[in-house]
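Visitor: One structure coming up, written as structure tokens, with questions to follow.
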Amino acid sequence: MASAANANLNAVRETMDVLLEISRLLNTGLDMESLSICVRLCEQGINPEALSAVIKELRKASESLKVRKLSPNTVT
Amino acid sequence: MATLDQKSPNVLLQSLCCRITGKSEAEVAHQFQYAVRVIGSNYAPTIERDEFLVSEKIKKELLKQRREADTALFSELHRKLQTQSVLKQRWSVLYLLLSLAEDPRKPSSRVGNYGALFAQALPRDAHSTPFYCTRPQSLALGYGERSVGLSATVGSSGISSLGVYTLNGPTPTPQSLLAGHPPQSAAGGGQPLGSRLAWTLPANCSPSSALAMPATRQPLVPSAPSTRVVRSHRDGEVSEAALVRDILYVFQGIDGKFIKMSAQENCYKIDGKVALCKSLRDTSSRLAELGWLHNKVRKYTDARSLDRAFGLVGQSFCAALHQELKEYYRLLSVLHSQLQVEDEQGVTTCTETSLTLRRLLVWMYDPKVRLKTLAALVDFCQGRKGGELASAVHSYGKTGDPQMRALVQHILSLVSHPILNFLYRWIYDGELEDTYHEFFVASDPNVKTDRLWHDKYSLRKSMIPSFFTMDQARKVLLIGKSINFLHQVCHDRTPPGKITPVSKSVDTPKDAAELLTDLEGAFQGKIDAAYFDTSKYLLDVLNRNYLLLEHLQAMRRYLLLGQGDFIRHLMDLLKPELVRPATTLYQHNLTGILETAVRATNAQYDNAEILKRLDVRLLECMSHYLRVFNFLWRAKRMEYTLTDIWKGQMCNAKLLKTMPELSGVLHQCHILASEMVHFIHQMQYYITFEVLECSWDELWNNVQRAQDLDHIIAAHEVFLDTIISRCLLDNNSRSLLNQLRAIFDQIIEFQSAQDSLYRSALEELTLRLQYEERKRQREEEGQWGVTAEQEAEEKKRIQEFQETIPKLRSQLRVLAHLYQSIVQHFLVLLMTSYDESLRFLSFRLDFNEHYRARDPRLRASLGANRGRRPSNI
């Protein structure tokens, strides 16, 4: 029972490793945690197209936020 | 699966948002909401769910980046992944990674993808409603931002709102923008109008480019001077952007901020108080016309689409208008989205593609023409329905402008679709399902079946669409009427499909459109085919089962006295009845006599069906036939009477030779009788040959040639009319008929006069013979033949008889004189008759100019007035 759960856990870890490697290869910019969230979402049948769009938008938003924070003096 | 616990997607999404933006849950509420919406609205993936395809794409992507080693590495990893059974949606994960992939050599191009996404999201909501929901940019948009372009005080708010855009705006990098134009507000004030025009009138002016615009948007043209902002900095003047926004609302019939519906002038007007340069004011009022047109069309459809009594054709018309309006709204939504995008890009976008009034003017030109046509149609169709409406639409299709024609044709095909449906139901099934009285065939439910052919169905002239000819409409009416006649009167239960092969009916408006383009060809052909088949079938049924032609012939033979032996025999039998007064005639006696006549003559060989209908009817049934029959019967009876007169003369001539004192009277009688015989013979000849036979031949030919029941009915009516007018029974020849009647009366009088003459002459003759006989008898007995007393008595009686002769003579002379004067008058009337055959009759009656010699009137009319139409007599 325990060994079966263990094997399962191993398999999951291995899968995640492989995925992370692919993600790195493709230069997606996802870290381990985001990736695992994404994988879980995908497994629940969410449209990957939409998900990728959301991630891109989120990045854009945070980026522009940072930009604004970095350069408040240039505006005024 | 143990670690992939089943948290709800929302929770996962929220943690993803936090993770990527690096903020707390409260801070990312906006983003989270947006994410939920996007994912919710894009639930079904648009791509192939094929892992192999996705992996191939990844490899291609890597190869494109010239990373062959990495490609190999990916293949290896992918193979490893396939051995694991943890993931069920491998393609999905791989696809996600692929779409997030970036070329490491091109740093931070993460923003380029939005156009495609926008283009994909647009068609879903391409309506007039605002569409903030699915657009990625709307993530953090507040409503406050929308007022940027509207307010006249942008001067102060412009800069502060700048930051808000750039937070979410896809393209701009604010540093470069602001660095490039630090003195923007100062320098822009003097921007000349001309250069602004130059910027705003680029090459791509067609409306279709508006659709493509969001995708092809340039990130930024830094050197472009932002005239929009410039204008808004002028004090008191409304910016063009604000006007554009207003105009877009006005297009939908909503009052804008500056442009409002003016009730008393019935048009959209710019608020007079708003300071605005004249050209802008001009342009916007020209654009605002669209709003007015839109309102007009909209008002019509709104008012009518729920009105059920408006009928199917009207509903189709409304639907067609709606379709056009929908197209219009689609265009407006595209314009709106364009405006939206510009708002988000804010001050920076005075690019070649931004919305200006002038550009709108160009783009909206075609829609305006369309709306104008629609509004004109709506005006013209006000208060019309059914076929009338279709006619109205059709009349608008007669234009030289191909675009207008296409538009009207399209509407017409929709509008005429229900009419064609009615039509096919009618000509193939004979059914009329026209609840709202839109079809051009009307049915009167109060008419019973015996008047079905004549009165039940009629044409509604106003409802005949103008693209049908009157002839076609009449044929259509006839086809359905024939079918109904067959069903209800003939009780013929043949399914309509067997009478005429039903061609495909119109199922879609497209079929209707095709038919409309070929009205002369296919449509006419269809109607003709149905017409011929149905009419032919009806005539066949009438001839075969109902012996129509035989009945016609029977009427000719029995009612119009065509069957000579029968009529003669009937008259022989009826002679004792006919001399009695009319009140003593009884139907049962007459029926018996008729039966006898039928059995004794050739009529017995006639069809039983017809003989069944031979019956005695006193003064009822078909009035036309009755009148003609009466006339013919009377003429026939005169002939018969004269025959009797002649017979009496022949029989008595020899007997009365012994009475020389009578010879003068008898001679008078003979002359008068032959005059009458001549007259009646000519009359009979005229009636039989010139009137009856000729008309009958014509009728028979027409009936043989007839294509439908109406033709037969018409031919029969013509036949009856001709007979009636030629037999002097119509109103025009009433005086002629009176003369003729008087002549007939004279004949009867003459008959009775001659009868009494013969009676007294024969009596006298027998008395004389008896006297002679007695004288001889006594002489044989050896007595005196006569005594003086007897002789005196005899002499006295002879004397008395001879004294009556001059009285008789004078009576006859009066009779003859009267008769001749009537005939002369009749001849005068004939001479002046309009009918040629009647004038010929007068020649025959007076062939030896006997009457002409006597009557100066005849001489005058024969000479001077011949051939003229003397209306003065």
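Visitor: Within the set of other residues whose C-beta is less than 12 Å from the C-beta of residue B:633, count the net charge using Lys and Arg as +1 and Asp and Glu as -1.
Guide: With Lys, Arg at +1 and Asp, Glu at -1, the net is +3.
Visitor: Starting from the amide H of residue B:259, placed 1.01 Å from N in the peptide plane, find each other amide H under 5 Å away whose residue is 5 or more places distant or on another chain.
Guide: B:271
Visitor: Using amide H atoms built 1.01 Å from N in the peptide plane, name the residues 5+ places from residue B:267, or on other chains, whose amide H lies under 5 Å from its own.
Guide: So residue B:267 has HN proximity to B:262.
Visitor: So if each residue of separation counts as 0.36 nm, and I subtract the Cα-Cα distance between residue B:399 and residue B:532, what length gain in nm does that give? All intermediate terms of the calculation are to be shown ahead of the outcome.
Guide: Working: separation 133, 0.36 × 133 = 47.88 nm, distance 3.54 nm.
Net length gain for the segment: 44.3 nm.
Visitor: If I stretch the segment between residue B:585 and residue B:605 completely, what's the gain in nm (0.36 nm per residue apart, minus their alpha carbon distance), one decimal?
Guide: Difference between extended and current length: 4.4 nm.
Visitor: Please work out the Cα convex hull volume for the range B:538-643 and give it in Å³ per residue.
Guide: Details: hull volume 11.6 nm³, N = 106.
Enclosed volume per residue, from the Cα hull, is 109 Å³.
Visitor: Just flag the GluC sites (Glu not before Pro) in the range B:671-728 sitting in loop per DSSP whose Cβ has no more than 13 other Cβ atoms within 10 Å.
Guide: Numbers: sites: B:675, B:690, B:693, B:698, B:717; in loops: none.
Passing sites in the range B:671-728 do not exist.
Visitor: So how long is each side of the range B:360-486 along the principal axes, counting just the alpha-carbon atoms, biggest first, in Å?
Guide: Extents along the principal axes, in whole Å: 67, 23, 20.
Visitor: Still on this model: Round to the nearest 10 and report in Å² the accessible area of residue B:551, as given by a 1.4 Å probe over the protein chains' heavy atoms.
Guide: Its heavy atoms expose roughly 50 Å² to the probe.
Visitor: Still on this model: Across 10 Å bins from 0, what is the distribution of all Cα-Cα pair distances for the range A:1-70, in whole percents?
Guide: Calculated over all Cα pairs of the range A:1-70, the distribution is 17, 39, 28, 12, 4, 1 percent.
Visitor: What is the distance, in nm, between label points placed 7 Å from the Cα along the Cα-to-Cβ direction at residue B:853 and at residue B:279?
Guide: Distance between label points: 11.2 nm.
Visitor: Calculate how large, on average over all directions, the projected area of the Cα convex hull of the range B:240-380 is; give the answer in nm² to one decimal.
Guide: 9.5
Visitor: Between residue B:464 and residues 5 or more places away or on another chain, which pairs have amide H atoms under 5 Å apart, with H built 1.01 Å from N, and which residues are they?
Guide: Correct list: empty.
Visitor: Quick one: what are the phi-derived ³J(HN,Hα) couplings along the range B:756-762, Karplus 6.51/-1.76/1.60 with θ = phi - 60°, whole Hz, x for glycine and proline?
Guide: For the range B:756-762, the Karplus curve yields 5, 4, 5, 4, 5, 5, 5 Hz.
Visitor: Here is a follow-up. Over all directions, what mean area does the Cα convex hull of the range B:621-865 project, stated in square nanometres?
Guide: Mean shadow area of the hull around the Cα atoms is 18.5 nm².
Visitor: Starting from 0.36 nm per residue, how many nanometres of slack lie between residue B:625 and residue B:759 once their C-alpha separation is accounted for?
Guide: In short, 44.3 nm is gained.
Visitor: Calculated FRET efficiency, residue B:821 and residue B:730, Cβ-Cβ r, R0 35 Å, to nearest 0.05?
Guide: Efficiency at R0 = 35 Å is approximately 0.90.
Visitor: Would you list the P(r) distribution for the range B:682-755, with all Cα-Cα distances sorted into 5 Å bins from 0 and each bin expressed as a whole %?
Guide: Reading upward from the zero bin: 3, 15, 17, 18, 14, 11, 9, 6, 4, 2, 1, 0.
Visitor: A further question on this structure: Calculated FRET efficiency, residue A:33 and residue B:29, Cβ-Cβ r, R0 25 Å, to nearest 0.05?
Guide: Numbers: r = 20 Å, r/R0 = 0.82.
So the FRET efficiency works out to roughly 0.75.
Visitor: Continuing with this model, one more query. Would you calculate the separation in nanometres between label points at residue B:721 and residue B:705, each defined as 7 Å from the Cα along the Cα-to-beta-carbon direction?
Guide: 1.7
Visitor: Can I ask one more? Write out the GluC sites (Glu not before Pro) in the range B:330-409 meeting two conditions: DSSP loop, and at most 10 other Cβ atoms within 10 Å of their Cβ.
Guide: none
Visitor: Taking the range B:627-734, how much of its Cα-Cα pair set, in percent, is spaced more than 16 angstrom apart?
Guide: 68
Visitor: Within 10 Å of each candidate Cβ there may be at most 16 other Cβ atoms; applying that plus a DSSP loop requirement, which chymotrypsin sites (Phe, Trp or Tyr not before Pro) in the range B:358-455 survive?
Guide: B:436
The values are calculated or read from the model by the stated rules, or taken from the named source; none is laboratory data. Since the structure is predicted, the reported quantities are computational estimates derived from the model, not experimental observations. Neighbour counts are summed over all protein chains in view; Cβ atoms, including those assigned to glycine, are modelled from backbone coordinates with ideal geometry. Just so you know, the surface numbers come from the protein's heavy atoms only, side chains and all, with ligands and any DNA or RNA stripped out. Shrake-Rupley method; radii C 1.70, N 1.55, O 1.52, S 1.80 Å.
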